[in-house]
Structures are given as structure tokens and as C-alpha cells.
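Right, one structure below, let's go through it.
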Amino acid sequence: MCGIVGYLGEKEATPILIEGLERLEYRGYDSAGIAVSVEDEIDVVKKAGKLKVLKEAISENPPAGKVGIGHTRWATHGSPSDLNSHPHSDCTGDFVIVHNGIIENFQQLKDELVDKGHSFRSETDTEVIAHLIEENYQGKLREAVLKVARMLEGSYALAILSKREPGKIIAIRRDSPLIVGIGEDENYIASDIPAFLQYTNQFYILDDEELAEVTRDNISLYDAAGNRIEKDVFVVNWDAEMAEKGGYEHFMLKEIHEEPDAIRRVLSNRVTPGNVDLSEINLSSEEIRNYDKIHIVACGTASYAGIMGKYVIEELVRMPVEVDIASEFRYRQPLIDENSLVIVVSQSGETADTLASLRLAQKKGAKVLAFTNVTGSSIAREADEVLYLQAGPEIAVASTKAYINMVVAFYILALYLAKVRSTVTEDRLYELIEEVLRLPKLATETIEKSLELVKERARVYKLQDNAFFIGRNIDFALSLEGALKLKEISYIHAEAYPAGELKHGPLALIEDGVPVVAIATRLSLYDKMLSNIKEVKARGADVLAITFEGETEVEKSVDHVIYIPRINELFSGALAIIPMHLLAYYTSLERGYDVDQPRNLAKSVTVE
Ligand code: F6R
């Protein structure tokens, strides 16, 4: 959430900044602005609303200059107004900044600055930083910024322009991502790699408290104490097209269609016929045998993948697994120690609560394994061990292919732990591995076979206000994800329930025509699911079942059935979720909403 871009080079900065901001739109925002400098003047334009409003505002007279910074803001302190949009400046207009994060002690700093005579124009926490730099500038912008950074509590990624030192951008970060792109006679600053991937694939990834002083032809890096440091250049293998829509109407649809390939990538080199190998993560067999508990910690969709992980690990490895929402975990004084393995799951690798949970777990002596999709992200860098999800860039706010790869990563881990702890026989392990290897092909079949019915159902769902998703065991884990996806992009109120729980309350809400998605892939519980389906059907629900090919018994009790290819029922989740991802997508499309950027939501939640 919030996106920062910066450019210094030979070209006009404005179009490059706008383009960079467009590539960061996926992070979610509600206002945008740019500041471009020519010699000792800085031209600032900022507008509430989407980038198209900003583009209209500058269309006749775009700020001219070859150095600039830009920002998309997701409001925290103060409404999404023109005035609160970034960039912000000090009293003199000499220091212009964009900021991502939250300054927790801003009120105290603001009061002190007001006492000293500073006048503020916005309600933001960010503006204090510009005034603090004004107050502390003594001829060297870099030094003033380092000094101010020490006064700030909270998180920040900052890009700063100054009339006093034209041709330069200072970038600094703490707990919010920031990278510096390396070009030829030009350099870039951004919150995330896709912003400038079409210009360069070489980046410096700033660590906490590191500062970059960037000009058109030089990048100097410093630590918090102001000492020069050297860093390795991070080379990215994605090409710019991989981050584009690739011919699909929306990123989300493209990403759903990429699910089979994403699964193939997460499996590759880890699961091969007859073997599962996770030697890339440094967990010795002795450690694995000594763990007495696993804790999975994540937010949103990632936490639902974690619930799936719990069912699969407990069944195959016979080890207790607890799953926590990160914002709860970090404040509940969890009982963990060096005998616990903590797994944090995060597509972006930047989710603030998940990162804080990681740090808490480490403090308590636990080893932390991260599942993340983003190399170089904060979580990837701080975790003890990382299993990369290899889903490729995920741009749509609603997570799809990364969710599936989280689920598959849990399959891989469960198989590996089961192998090391000998909780399944060699023959069974062999069979399970064979099944997992079929997933990519079966995922393609699932998309092909479910598409038409999903589109038809979406035309009915678009008229509904409420929907229910029910299932048992791993099918319950799936219903959580199915309901979240529908509600977040189609704004239909959707609830997930363990099917056996209906009669303890929610059944009261079932009446004529209420859509119920009933997932029935756990064959050992199939008959129980059929009874639950009958309960809702008897009360008038419009039931869409998702089950395996050949399980035709369900047809007698439901209105529609989506059949998924048969696979070992432990691994049905990676297939059964696909029609639910498609259902959410097409329902949102039918309702005419912004599928890739649902209201009020951001892709990367870097604040608590
Ligand atoms: C929903 C969704 C969110 C994220 C959550 C955690 O589709 O994408 O619920 O799963 O914000 O994000 P990450 O995985 O980046 O930590």
C-alpha cells in the first residue's frame, strides 16, 4: 500500500513517474501526486482519486524536468484529499518528500514544530518529516535526513527532493520496502520492482535504516550512522511482460489462468518422481524430529492457506499445528520456544503484522520458516529460512495463484516432514508424490471444465446480497478462501462455515434462493456433507456443489455441480479452489466492479 517512484536521468521525468505509478497501482491507493525539479524549482501536482485524475490535471502543462518523485497514497492519517496527497513540503517549499508507512510519534513532533513556528498544510503524519528536515538542514541533505530518521518512531520509506541540492534524490527506509534501480545515465527509486522493470533488471534493495543518495550517474549507499556501505546488485529475472496483463482483461483473470504453471514452478526441483527434497531450507533431520509443534502465522488468504496446511500436516505428520492470524498472534503472548517451528506465510513478504509475528517468534527462540513470493522482501530477509512460492508477480489485489502455491508449498512441506519423521510408509509416500505431480495438468483441466458453468452462475450471483460457503475438514479451509474471494471483489456478503456447524445458528439465514457453495471433496465425509446439503436445500437454498468427477450422488440434492478431476483427496484443495476463484472474478465482472483493485483494499499491507 502506497507506492513510491523516483527518476533521475536524461528524459522528461513526468511520463516515467506516471508510468511507474501505474505499475504500482496494484498496491492500492486513493490519491496520487508527483514533484518534478528543474534547477532550483520544484513543481508539485497532487490529486485525490485515481491516477487518471492526476493525468488530467497535468495533461495541458506537465511539470517539466529530468528529476522527480511520485506517490500513490492509501489514506491513514487524514482523508484522501488533494491537500493530504503526497508529495508534502516544509514551510519554504525547499524540501519535498513522499512517504510510505506510519509515523507513530508524529503528533508530538508536530506540536514541537508548531511551537517553533512551523505551519502545516495537511492532516498527515508525513508532513512533519519535511518540516523536521527544514529544521535540521545544515548544508547536507543526507545528514539532515539521517538525523531526522533517528527522531521518527514507526515505519517509513522516503524519497526526498530539495531545491538546495538539485539533481539528487535521497531515499531511506525502515519497515517499508524501497529499492533503487540501476540504469545507464539514469537511476530509479521505487517501492517495488515492477515499477521500472521495463528499464532495468538491476536493483539495490535497501535494508532497514539504509540510505541511498542518488543522482543521474551515481548511487551512494550509507548505513544509519552515515558510513558508506557496499551492497550486492540484485538481478531480477522477470521480464516486463511477465508483469503485464498478457492479453487478459484483468490481472486477476490472467493470474487464475497462470495457476497451473505456478504450481509447476513451486513443485519443480522439490518434488520429483519418488522423491521430495527441501534441502534448500536449512532444517536438519534432527531439528525436524525434535519439533513438538508447528505454528502457522499469516493474514487473510495466506492464513486460509495455513488452515489447509494444518489439516494436511496433522494428517500426514501427526504433529500438532496451530494457525494464527498474525494481528492476533503478536498480542496473545503465544507459547512458543526453540522446540516450535514457526511458519509465516505472506505473498508480498511485507505484511506488517506477519513481519512483527516473525520477529516475536525469533525473540522467543523459535526458528522461523517463511513462505513468500517476493525475493528480497522484508520477511524473506528476516526469516531464518525461506521457501519461495515461485508464483511469479501477482498484481491483482485478490490473491489467487499465490494462494494456490501456498497450499502446494504446505503439501511439499508435509511430505518432506512425513519422510523425515517416517510417519508414512515409503510406498504411501511414493503414491502421494505421484499424486502431487499430477496437479499442474489437472489444474488446467479444472479451469477448462468449470469455466462455462461458473460464468453462468456468476450471472445469477450478481443479483444476490448474501452467499454461504460450506465444507468439512480441508473443504472447510477452502470455503474460507472461497468466501473471502467473493466478498472482497464482488462486495457480496459471503460467509464460510464448517458444514456441521450450520444448525448451530447460520441455518436461520437460509431462505429461498440464497446461494450456497458446498464443497464435497473429502470423500471420507461425503455422506455427512450430503446431509448438510439436504439441510440447506430443504430451506430453499440455491446449491452449487464442487466435488470429484464420478461422485454423481450429489446431483439428486443440488441445483448445479462443478466436477473437478479425481486426485488423492488430501490434495483436492489446489484444484477445488480454482472454480471459486473464477466465480469471484466473473461475479465481480458482472457487477461492473474494479476487479483488480477492490475498494478499500491494498495489495501490500505494510501498516498494522
Ligand atoms: C485476499 C488477500 C489478502 C492477503 C493478506 C496477506 O485475496 O490477498 O487477504 O492474503 O493481506 O497478504 P500477504 O500474503 O502479502 O501477507
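Test TYR416 against the criterion of being in the same structural domain as VAL323 (by TED's automatic domain parsing), open to solvent by less than 40 Å² (accessible area, probe 1.4 Å) and more than 26 Å from LYS603 (Cα to Cα), and give yes or no. Considered against the rule, which asks whether it is in the same structural domain as VAL323 (by TED's automatic domain parsing), open to solvent by less than 40 Å² (accessible area, probe 1.4 Å) and more than 26 Å from LYS603 (Cα to Cα), TYR416 comes out as yes. In the stretch 367-378, of all residues being within 13 Å of the ligand (Cβ to nearest atom) and modelled with pLDDT of 95 or more, the one that is nearest to VAL233 (Cα to Cα) corresponds to THR372. At positive phi, open to solvent by 10 Å² or more (accessible area, probe 1.4 Å) and not aliphatic (A, V, I, L, M), is that true of GLU39? Yes; evaluated as a whole, the condition is true for this residue. Screening SER279 on (1) among the small types (Gly, Ala, Ser); (2) more than 16 Å from ASN339 (Cα to Cα); (3) touching a residue at least 12 places away in the same chain (Cβ under 8 Å); (4) open to solvent by 50 Å² or more (accessible area, probe 1.4 Å) shows it passes everything except condition (3). GLY513 fulfils the conditions (1) open to solvent by 20 Å² or more (accessible area, probe 1.4 Å); (2) part of a strand (DSSP E or B) except for a single criterion, (2). Scanning the stretch 510-552 for residues that are hydrophobic (A, V, I, L, M, F, W, C) and more than 24 Å from VAL454 (Cβ to Cβ) returns LEU525, ALA538.
Give the stretch 588-603 a look and list any residue that's within 14 Å of the ligand (Cβ to nearest atom) and within 14 Å of ILE492 (Cα to Cα), or say none. Across the stretch 588-603, the qualifying residues are SER588, VAL595, PRO598, ARG599. All but one of (1) at pLDDT 95 or above; (2) open to solvent by 50 Å² or more (accessible area, probe 1.4 Å); (3) closer than 24 Å to ARG174 by Cα hold for GLU104; which doesn't? Result: GLU104 fails condition (1) only.
Looking only at the stretch 424-439, decide whether some residue is in contact with a helix residue (DSSP H, G or I) (Cβ under 8 Å, 6 or more places away or on another chain), away from the ligand (no atom under 16 Å from the Cβ) and of a type in the set (Phe, Trp, Tyr). No, because not a single residue in the stretch 424-439 is in contact with a helix residue (DSSP H, G or I) (Cβ under 8 Å, 6 or more places away or on another chain), away from the ligand (no atom under 16 Å from the Cβ) and of a type in the set (Phe, Trp, Tyr). Number of residues in the stretch 560-587 that are of a type in the set (D, E, K, R) and either within 14 Å of the ligand (Cβ to nearest atom) or assigned by TED's automatic domain parsing to the domain that holds GLY49 (or both): the value is 0. Evaluate the stretch 404-413: report whether one residue or more is more than 16 Å from the ligand (Cβ to nearest atom) and at positive phi. There is no residue in the stretch 404-413 that is more than 16 Å from the ligand (Cβ to nearest atom) and at positive phi. When ALA391 is tested against (1) open to solvent by less than 20 Å² (accessible area, probe 1.4 Å); (2) out of contact with any Lys or Arg (no Cβ under 6 Å at 6 or more places or on another chain), exactly one condition is not met: (2). Quick check: anything in the stretch 466-475 open to solvent by 10 Å² or more (accessible area, probe 1.4 Å) and assigned to a helix (DSSP H, G or I)? Checked the stretch 466-475: no residue is open to solvent by 10 Å² or more (accessible area, probe 1.4 Å) and assigned to a helix (DSSP H, G or I).
Scanning the stretch 293-350 for residues that are at positive phi, within 14 Å of the ligand (Cβ to nearest atom) and over 18 Å from the mean Cα position of the chain (by Cα) returns no hits. Does LEU507 meet the test of being free of Cβ contacts under 8 Å to residues at least 60 places away in the same chain and surrounded by fewer than 23 Cβ atoms within 10 Å (Cβ to Cβ)? In short, yes.
The values are calculated or read from the model by the stated rules, or taken from the named source; none is laboratory data. Everything numeric in this text was worked out from a predicted model, so none of it was measured. Neighbour counts are summed over all protein chains in view; Cβ atoms, including those assigned to glycine, are modelled from backbone coordinates with ideal geometry. Side chains included, ligands, DNA and RNA excluded: accessible areas come from the protein's heavy atoms. Shrake-Rupley method; radii C 1.70, N 1.55, O 1.52, S 1.80 Å.
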